[in-house]
Amino acid sequence: MTLKNSLCFVLSLCISFSVFAQQQVNSKQEKEAQVNWRKNAESFSDGLKYRLEGKSDRAIECFKKALKYMPDDHASMYELTELYALNGQIDEALEYNKKAVSLDPKNKWYQIRLAQLYEFTGDYEAYAAIFKNLLKEDPDNLEYFAELSSALMLLEKYDEVIAILNEMEKNIGVNEFISFEKQQIYDAMGKPKKAIEEVEKLAKAYPYEIRYQAMLAELYMKNKKTEQALKAYERIIELDPSNPYVHISLSEYYTEKGDLEKGFEQLLIAFENPALDVNTKSQILAIWFDGKKRTELVNNQAREIAQVMIKTHPENARGYQLMGDVYYGESKFKEAVEYLEMSLAIDSASFYIWETLLMAQANDDPSDVEKINSFAERALKLFPDQPLLYYFSGVSFFEQKKYEEALQRFTRGSRFLTNNNPMQETFFTFIGDLHHLRNQNKEAYEAYEKVLKMNPDNSLVLNNYAYYLSLEGANLDKALQMAAKAVELDSENVSNIDTYAWVFYKLGRYEDALKWIEKAIEKSPQPSGTIIEHQGDILFRLGNKNLAVQKWKEAKKAGETSEWIEKKIKDGKLYE
């Protein structure tokens with residue numbers, strides 16, 4: 001082998017060894033890269049899983065771990081942007097969002113998110129700059145224009161926004177989005193004439209689009225151009241005679257002009273249209289009734305509306321309810337009950353209607369306690385936590401002398417009364433009276449004590465409590481104090497005066513008892529047998545037996561006496 005050949009061979013060996021060594025290095029780097037890629041993918045996947053589970057802290061750890069394996073992983077950066085933004089860590093969100101945009105500047109979603117963050121932080125210049133750049137790539141994107149307009153509006157660069165929108169309009173023609181944007185901008189600039197011109201231009205470009213005519217009419221009304229507004233409304237009727245909403249607008253139009261009769265006519269036309277749904281009609285009614293006094297005119301108009309609603313929507317409860325409300329307001333309770341029952345037959349889910357029905361029935365025929373009770377019991381199945389229903393049911397049972405049922409209703413209903421509910425006094429007064437009727441005096445007095453704790457000046461309870469104590473002959477000093485206070489609070493109440501006299505009698509203070517019983521008789525047009533009998537008992541104690549027997553005889557004729565009255569008269573003696 002020659003020297004030349006030897007050198008070539010050595011050189012060839014060196015080159016081969018170098019290539020082999022480089023291949024080894026490349027192979028090792030590729031393996032490391034593959035391992036990092038795999039670990040990055042696993043961490044990213046775990047991060048997505050935790051984010052979906054709502055575990056943001058764990059998700060953040062995973063995405064940060066993914067970045068350790070692949071520092072240029074802009075997808076993980078974007079996920080961190082979202083998570084930090086949700087956590088309110090805006091500085092961190094901005095940091096990762098900016099890195100993601102720098103690594104993948106063509107990704108529009110990264111840029112849009114960054115713009116949103118700039119908007120949130122108040123950096124409106126940066127917010128606008130991003131959408132300007134995005135529009136270079138996609139010049140026909142209306143959403144980008146809308147965002148840029150918003151940014152420029154925040155910067156109060158109104159003229160620049162108008163210029164952009166005018167340029168758009170040149171390219172694509174008159175457009176709803178552009179016209180609406182310009183109209184709003186002109187409104188913000190305090191240029192109502194220019195705002196109207198934009199909508200006029202839109203309505204002219206699309207003469208059969210009703211929405212634009214409606215907007216135009218609204219703008220005319222807002223700017224006191226009533227004649228132009230009327231023409232716009234008439235154009236809507238011409239285009240769509242069956243449109244109910246234009247009649248609502250015309251109703252407002254005439255009402256604002258002071259022509260209430262025409263305004264109401266237009267309202268009725270709208271309500272006669274079945275295309276206008278009942279919920280919308282109910283909302284309009286609430287506005288129409290707002291602030292109105294229930295004059296004869298208003299009641300008559302409400303009745304007309306109710307008739308129209310019943311005719312147009314016979315399957316809906318609202319018309320019947322309105323008719324019932326009208327009659328109730330006019331104190332025509334029988335008719336109110338009739339229509340409210342029809343309303344509830346369709347829809348029984350309104351407590352207000354049940355309440356009105358019960359009040360109407362109680363006013364129409366309070367003696368028909370069975371009917372009142374029937375309504376109350378039906379309503380209680382639907383609204384078992386409403387104290388008023390227990391009240392009506394309890395009173396009805398009380399009037400029917402079904403004392404156990406009455407006590408049950410008042411006791412159960414009292415559990416739903418809050419401490420500041422004025423019905424508490426009434427409930428516990430009835431509870432006390434009912435316990436006394438059942439000879440449960442201890443429970444009766446406990447109930448009365450509750451009432452007096454709530455209202456120490458409840459003269460009815462003071463009177464009843466004092467009288468029942470006097471009948472027992474128990475705690476008479478307390479009874480005298482309560483009876484005296486009852487008379488002081490309601491000095492014209494004969495029952496209070498009679499109780500006061502009777503407590504004096506039970507204390508043996510007969511002169512005082514006679515003085516007060518005579519006052520009770522004097523104030524009573526037709527004294528009850530109870531009061532006259534009491535007078536006879538007092539006279540007997542004072543030694544005037546003949547006059548006592550005479551009073552007992554008068555008491556018997558008057559009625560409502562004790563079981564001893566016959567024996568007192570026959571024997572001429574006092575029995576208690």
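Quickly work out the GLN34-to-LEU268 label distance, labels modelled 7 Å from Cα along the C-beta direction, and quote it in nm with one decimal.
8.8
Mind checking region 444-549 for GluC sites (Glu not before Pro) that DSSP puts in a loop (not H, G, I, E or B) and that have at most 13 other Cβ atoms within 10 Å?
Details: sites: GLU446, GLU449, GLU472, GLU488, GLU492, GLU511, GLU518, GLU522, GLU533; in loops: GLU492.
Loop-located and lightly packed - GLU492.
As I understand it, the dipole of region 207-275 uses +1 on the Cβ of Lys and Arg and -1 on the Cβ of Asp and Glu, about the Cα centre. Which of PRO241, MET221, TYR254 lies farthest toward its positive end?
Highest projection toward the positive end goes to MET221.
Give me the angle, in degrees from 0 to 90, between the Cα long axis of helix 387-399 and the longest principal axis of the Cα atoms of the chain, rounded to the nearest 10.
Roughly 20 degrees between the two axes.
Lys/Arg Cβ at +1, Asp/Glu Cβ at -1, dipole of the chain taken about the Cα centre: which of ASN441, ALA376, LEU285 is farthest positive-ward?
Of the listed residues, the answer is ASN441.
What's the angle, to the nearest 10 degrees (0 to 90), between helix 318-329's Cα axis and the longest principal axis of the chain?
Tilt relative to the chain: about 40 degrees.
If I fit a long axis through the Cα atoms of helix 333-346 and take the longest principal axis of the Cα atoms of the chain, what angle between them do I get, 0 to 90°, rounded to 10?
40
Looking at region 501-576, which chymotrypsin sites (Phe, Trp or Tyr not before Pro) are in a loop (DSSP not H, G, I, E or B) and have at most 13 other Cβ atoms within 10 Å? Intermediate values should be presented prior to the final figure.
Details: sites: TRP502, PHE504, TYR505, TYR510, TRP516, PHE540, TRP552, TRP564, TYR575; in loops: TRP564, TYR575.
Hits after loop and neighbour filter: TYR575.
What is the Cα convex hull volume of region 386-531 when expressed per residue in Å³?
Working: hull volume 16.5 nm³, N = 146.
Considering the Cα atoms of region 386-531, their hull volume per residue is 113 Å³.
Once you have a ≥ b ≥ c as the square roots of the Cα gyration tensor eigenvalues for region 392-452, tell me rounded if a/c is under 1.5, and otherwise prolate or oblate according to whether a/b is larger than b/c.
Numbers: a/c = 2.17, a/b = 1.16, b/c = 1.86.
The shape class here is oblate.
Going from the alpha-carbon gyration tensor of the chain, what semi-axes, largest first and in whole Å, does one get by taking the root of 5 times each eigenvalue? Present the calculation step by step, with values, prior to reporting the outcome.
Details: eigenvalues 1523, 356, 85 Å².
Equivalent ellipsoid of the chain: 87, 42, 21 Å, largest first.
What Rg and what Dmax come out for region 207-275 when only alpha-carbon atoms are used, in angstroms?
Looking at region 207-275, its Cα Rg and Dmax stand at 11.3, 32 Å.
Could you work out the relative contact order of the chain? I mean the mean sequence separation of Cα pairs under 8 Å and 6+ apart, divided by the number of residues, in percent. Mind dumping the intermediate values first?
Details: 645 pairs, mean separation 19.1, N = 576.
This gives 3 percent for the chain.
Where does the chain land at 222 nm, in deg cm²/dmol rounded to the nearest 500, when only DSSP H runs of n ≥ 4 count, each adding -39500 (n - 2.57), divided by all residues?
The helix contribution divided over the chain gives -25500 deg cm²/dmol.
We did not get these values from a lab; they are worked out from the coordinates using the rules stated. On a predicted model such as this, the values are computed, not experimentally measured, just so you know. Heads up, the Cβs are rebuilt from the backbone with ideal geometry, glycines too, and the neighbour counts pull from every protein chain shown.
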